[in-house]
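Please read the structure below before turning to the comments.
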Amino acid sequence: MVNSGQDNSRAPKILIYAITAVIILAAAFLFLLTGISFNSERAGRVNGEGPSAESPDLRKMTDRDIEEAQKAAARAAITGKPVAGRVTQRPEYVSEIEWQVLRNAVMNRPEDADAQLAALVNKLLFFKKKEAWESPATLPEQRRKLARQMLSMLPFMTGGDHINPGEARRLESSLNAELTLVD
Amino acid sequence: MKRYSHRNRFMYLPIAPVVLAALFMASIMIFLGCDVNDSGSSSGSSLLAALSNDQETSTPDVPAGRDDTGFYTPPSSLPAGRHGDIIKYQEAQVTIAGAPDFKAWNVMYYSTDALGAPNIVTGTVLVPKKSWSIFSSRPIIAYAVGTHGLCHACAPSAQLAAGTDYENENLAQALGRNYAVVVTDNPGYTIDAVPTYMSGKAQGHALLDIVTAASKIPSACLSARAKVAIWGYSQGGQTAAWAGELQPGYAPGLRLVGVAAGGVPADFFEVAPYLDGKNGSAFLLETVIGLWSQYPEGIPLNDLVNAEGQAAVNRGLSMCVFEALFEFMNTPLSKYVKGNQTLDQLMAIPSVYETLDAQTLGRNPIGVPVYLYHGTSDEFIELEQCLKLKEKYCALGVTASFTVFAGEHITTQFQASPYVLDWLEDRFDGKTAAGTCGSANPRPASTANAPEGDFIVTLNKWSLNAAVHLKTLMQRVTMPDTSTFSADCNMTTKKITGNMSVPDFKAPINVILPMQVKMIITGVGANPMTGDVTLDNAGNLHVHGHMMADIKIQSITAVGILPIGTWVHTKEPVDFPIDFDGPISSLGSGKLTFTGTTTFPSMTGNVLFNALFTTLMSGSGQKFEFTVSPPAPAQW
């Protein structure tokens, strides 16, 4: 009677252990599943938006590669045109490094990232044109073209507070003087 | 018998809830305690008075004064009374920026002048609306003001009503700790009276008596057995120390727990020469007038002054402190005296000598701990004579400590406030005060600018808490904690020159991955900051200038893809406009904040990346915030 009674009480205990084990296994499975999906998501974000996957070659660029890329973009800026609307492709006058930097710079403002990226691209173009215009190596004809282009971009630069009004006035005066002098 | 008993039990049953309800209501009333409120009445005050042993004095039947500008006129028929009794009082409208909600009363009360004669003094009582603990009475700070000026419009109560009192910052902090604060105007601001400025005993009496008077305003809910601490600076430091010395004999019923006295003119024979013909000469002229008012025989003003002196006295009587400070700056007393007698000659006149000698502190012990403090660059009140005061108190067995602040006279008043209030809080909490009579620290030495010539307020390597918000990157760059700001504010020429020192620091810039850049911000030229500085008659400081700085950045981590070591810097200096308009107290209280927007010019230095960094950094609308706060004090 005593033994029989012990057997009777053992049966439900085994059942409880079994159910507990199933729950633990299920929880572990779910945890692993969630963990994998979380890691996948993180990996996807890095791959999709970070520079390492999109531009894996950037880290391998030598100093000379970088220099050449920057110089090529600077040359392209002399004739480059401002962008409008959503910028989906890297303009030629924006180097790969600069493109990554600008895209990352607007990540803090998702609400108007497209407009900001376009503004930054145009701002970069303006300053590259300005550097070229100020360079003694630039030919007179190119300087004239650059002066005209920059004059046309000045309203954008002042309107966006990219350049202060005083500096804009001084620059406008210098650009006009150059055009008057040469023409 | 059994039935009868039952009936009795039922008879008493309804009484139980009534008793319980009564007890509950009593508990509520006790819990509410005696709080000031908008109606001016006190909730539960009578119950507290009945239940609490703390409320020892009964409230006399004193008239509330009429709510008009004639408050400073004593009634034609004065009620009988002794010092500390109220003559009249009225609710007052007082504006203190930064203070919690509080109620205010103007009070006119009896006191005693320096010669022992009864006098009439006015003042202000400030009580926070926030409840105090039910287990004790709200502590009271007897606040002794610094020089306000001899003109009646300069009376602290008038300045408080106008919201223009230059000591508002200190009062706000005291009220912020939920203490009641009582502020005597000092004797001489009633109609037709002349302030007895710098008459130590009279001021001490007036300060002690306003505490007693305040406890007699029924709706102020202040107990005559509340713990009381005394706090004052400059003239107020003198008042505080005198009140401390006088209290055991004059107001033994006050539960005094501590005295904090800063910038104390303790020995007039040393203070006067430090003022005469120097930056602070206005205070000496006002002292002569004030002591003459109290001791007409000791200071025979009419016999001593020449015509120019008489005119100066009249002007002095019509001015508040800051106007007088500049009006009489660097003018020797001899200019106003017949025969152009020097200060030494004047002080040698026996009656003058006796009068000045009667103001000397440190001859009587103070029965509670004393916190003395002083600015090492004090240009008005000499440091050394105050160090000697500490030694005198120590010799008399007083538990005294001395704290020195790296500031001049005006700034120190506000630099010290948080430290003073912490110390007072410890006294209210019953903690044992640690004196510094046995301090082994070196004796502080004055670092004051020359007290004659231009009046220059120097800030030497004060803490600079600075941040710039980069507009394009939407990033806040905070400069290192060890950044400092130094400036000379020449109040005579109204010019400020200064510099900032920002150690090279690293800042994360989120342009690629979080990229570390090294930033160097350096002022341009010998005086990167230049501008105008003025102190107006209401005690407001005005600073308008520019800080010119170069900004240099270098990428220093390999996390980003920009080449390590790329240096760029601003093509021209960044012009940070420096603008401040606010109370002079901001200079010492750590609230001297310059905020604004500036334009970052183009970046240059690396032909390959100039355009990129210019794109990211330059442009207008870059916000900045610079806050200047004083260095920590030292103990002696």
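The values are calculated or read from the model by the stated rules, or taken from the named source; none is laboratory data. All figures in this text were calculated on a predicted structure; none of them were measured in a lab. Note that we place each Cβ from the backbone using ideal geometry, even for glycine, and neighbour counts take in every protein chain shown. For the accessible areas, the whole protein counts, side chains as well, though only heavy atoms, and no ligand, DNA or RNA atoms are used. Shrake-Rupley method; radii C 1.70, N 1.55, O 1.52, S 1.80 Å.
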- Message: Rounded to the nearest 20 debye, what is the charge dipole size of the stretch B:258-322 about its Cα centre when +1 sits on each Lys and Arg Cβ and -1 on each Asp and Glu Cβ?
- Response: 220 debye
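Working with all protein chains in place, sort A:K123, B:K623 by solvent-accessible area computed with a 1.4 Å probe, largest first.
Descending accessible area places them as B:K623, A:K123.
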- Item | Integer Hz, Karplus 6.51/-1.76/1.60 couplings in order for the stretch B:82-93, x for Gly and Pro | 10, 4, x, 7, 7, 8, 6, 8, 8, 5, 10, 9
- Message: Could you compute how much accessible surface B:D35 exposes when probed at 1.4 Å, giving the result in Å² to the nearest 10?
- Response: 20 Å²
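To the nearest whole number, what is the average tally of beta carbon atoms from other chains within 10 Å of the beta carbons of peptide B:468-476?
Other-chain Cβ atoms within 10 Å of each residue's Cβ, averaged: 3.
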- Query: Ranked highest first by average number of other Cβ atoms within 10 Å, how do B:413-422, B:139-148 line up?
  - Reply: B:139-148, B:413-422
- Query: Across peptide B:598-608, how many C-beta atoms of other chains are within 10 Å of each residue C-beta, on average?
  - Reply: 3
- Note on the structure: Length gained, B:A117-B:N302, 0.36 nm per residue minus C-alpha separation, equals 64.3 nm
- Note on the structure: Taking 0.36 nm per residue of separation between B:D101 and B:N527 and subtracting their Cα-Cα distance, the length gained on full extension comes to 149.0 nm
- Relative contact order for chain B: what is it in percent, counting Cα pairs under 8 Å that are at least 6 residues apart? 10 percent
- Query: Once the whole set of protein chains is in place, how much accessible area is left on B:M479, using a 1.4 Å probe, in Å² to the nearest 10?
  - Reply: 10 Å²
- Could you calculate the FRET efficiency of B:D422 with A:R75 from 1/(1 + (r/R0)^6), where r is the beta carbon distance between them and R0 is 56 Å, rounded to 0.05? 0.25
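Packing-wise, with mean Cβ within 10 Å as the measure, how do B:521-533, B:581-593, B:224-236 rank, highest first?
Taking the mean over residues of other Cβ atoms within 10 Å, the ranking is B:224-236, B:581-593, B:521-533.
Probe radius 1.4 Å, ligands and nucleic acids left out: which of B:D378, A:D112 has the largest accessible area, and how do the rest follow?
Accessible-area ranking of B:D378, A:D112, largest first: A:D112, B:D378.
Taking the Cα centre of the stretch B:188-337 as origin, work out the dipole magnitude from +1 charges on Lys and Arg Cβ and -1 charges on Asp and Glu Cβ, in debye rounded to 20.
680 debye
Ordering B:K130, B:K201, B:K103 by accessible area with a probe of 1.4 Å, largest first, what comes out? Intermediate values should be presented prior to the final figure.
Details: B:K130 140, B:K201 70, B:K103 15 Å².
Sorted by accessible area, descending: B:K130, B:K201, B:K103.
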- Cβ-Cβ cut-off under 10 Å around B:C154, Lys and Arg +1, Asp and Glu -1: the net charge is -3
- Summarise the partner chain shielding of A:105-111 as one whole number: the mean count of Cβ atoms from other chains within 10 Å of each residue's Cβ. 4
- Label-to-label distance, nm, for residues given as B:S136 and A:D112 (7 Å Cα→Cβ offset): 5.6 nm
- Given that compact globular proteins tend to follow 2.2 N^0.38 Å, what is the ratio of the alpha-carbon Rg of the stretch B:69-115 to that value? 1.45
- Farthest toward the dipole's positive end in the stretch B:240-338, which of B:A251, B:A312, B:G290, given Cβ charges of +1 (Lys, Arg) and -1 (Asp, Glu) about the Cα centre? B:A251
- Note on the structure: Sorted by chain and then number, the residues having a modelled amide H within less than 5 Å of the amide H of B:T147, at least 5 places away or on another chain, are B:Q235, B:G236
- At 7 Å along the Cα-to-beta-carbon direction for both B:K518 and B:H569, put a label point, then send me their distance in nm to one decimal. 1.3 nm
- Note on the structure: Residues meeting the amide H criterion for B:V337 (H placed from the backbone, H to H distance under 5 Å, 5 or more places apart or on another chain) are B:N306
